[in-house]
Amino acid sequence: MSVEEPIPADHPETKRKRGQGVGAVYDTLKREILNLTLDPGSAIDEVKLAERFGISRTPVREAMVKLAGEGLVVTLPNRFTIVAPIDFPNLPQFFDALTLMYRVTTRLAAVNRTEAELARIWVLQHDYTRAVEARDVPMMIEVNRNFHAQIAKAGKNRYYAELFERLLDEGRRLLRLYYSSYNDKLPRIYLQEHEVMLAAIEKQDVDAADRIAKAHAEQIIRQIQASMTEDRRLNADITL
């Protein structure tokens, strides 16, 4: 009876299976992190993940590298990996920078966008509408990020675009709080803000684009702040 030889690590079939494992771990953890199913700062056990997905630790580590590149996990000096914490003490500075970049990038897009870029942004808006109607929050978060990133790219300032994308990535979990405050059913009026913003960009109305972007950023920030400070005490008024 012949014994099958192990498949080499560099064999195409091995690489394909490892790639599938990396994708499964990456997609699942990214969704759980953005959904706040995994708490900020919580530990990630690579051994348990490997057991969960029925794979070796190598694809798990590769998925961790991808997630770290997006700022969603952090590897500590002792090689311990945790879900990236949310920097709550510095949120005022974050919100200040975010509002400014909403305004700057939307203004520039109104000046510099091309018809092809405008068409790509409208496609993203249609995708966002479908995600909102389906109450698919992970997709809402992802497409919203790409929608505003594409507007920034249409502005033709690489430095602004890169900074804004970094802020958008950092704020994705805060958007989860935003959508949760509406029970994942975003009011139509806020969906329409994107459409009004795009209309101003299409008309190349810089002042309107600026005004709409500022209002859009401020209502999101107000809603997130309200969600974070909502009084959820259950026992404060009971008689002891």
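The values are calculated or read from the model by the stated rules, or taken from the named source; none is laboratory data. Worth saying up front: this structure is predicted, and the values here are computed from it rather than measured. Because the Cβ atoms are built from the backbone with ideal geometry, glycine has one as well, and the counts that use them run over all protein chains shown. Please note that ligands, DNA and RNA were not included when accessible areas were found on the heavy atoms of the full protein model with its side chains. Shrake-Rupley method; radii C 1.70, N 1.55, O 1.52, S 1.80 Å.
Remarks
- Some residue of region 1-20 being modelled with pLDDT of 90 or more and either open to solvent by 30 Å² or more (accessible area, probe 1.4 Å) or in a helix (DSSP H, G or I) (or both): no
- In region 66-82, the residues that are touching a residue at least 24 places away in the same chain (Cβ under 8 Å) form Cβ pairs under 8 Å with partners that are small (Gly, Ala, Ser) and surrounded by 16 or more Cβ atoms within 10 Å (Cβ to Cβ), at six or more places apart or across chains, as follows: GLY71/ALA84; LEU72/ALA84; VAL73/ALA84.
Each row is one residue, and each column tells you yes or no for (1) of a type in the set (A, V, I, L, M); (2) in a loop (DSSP other than H, G, I, E, B); (3) surrounded by 12 or more Cβ atoms within 10 Å (Cβ to Cβ).
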site	(1), (2), (3)
THR28	no, no, yes
ILE55	yes, yes, yes
THR58	no, no, yes
LEU67	yes, no, yes
ILE86	yes, yes, yes
PRO92	no, no, no
ARG103	no, no, yes
THR106	no, no, yes
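- Pair list, Cβ < 7 Å and 6+ apart or interchain, from region 194-212 residues that are open to solvent by 50 Å² or more (accessible area, probe 1.4 Å) and among the aliphatic types (A, V, I, L, M) to residues that are at pLDDT 95 or above and part of a helix (DSSP H, G or I): VAL196/ILE212
- Annotation: ASP136 fulfils all but one of (1) crowded, with 16+ Cβ neighbours inside 10 Å; (2) free of Cβ contacts under 8 Å to residues at least 40 places away in the same chain; (3) within 21 Å of LEU72 (Cβ to Cβ); the unmet one is (1).
- Checklist (1) touching a residue at least 40 places away in the same chain (Cβ under 8 Å); (2) under 19 Å from ASN112 (Cβ atoms) applied to GLY171, failing item: (2)
- Restricting ALA119, ALA154 to those that are over 29 Å from THR28 (Cβ atoms), surrounded by fewer than 21 Cβ atoms within 10 Å (Cβ to Cβ) and modelled with pLDDT of 95 or more reduces the list to ALA119.
- Some residue of region 193-205 being in a loop (DSSP other than H, G, I, E, B) and closer than 29 Å to PRO89 by Cα: no
- Residue match in region 171-190 (condition: part of a helix (DSSP H, G or I), open to solvent by 80 Å² or more (accessible area, probe 1.4 Å), at pLDDT below 95 and over 30 Å from LEU38 (Cα atoms)): yes
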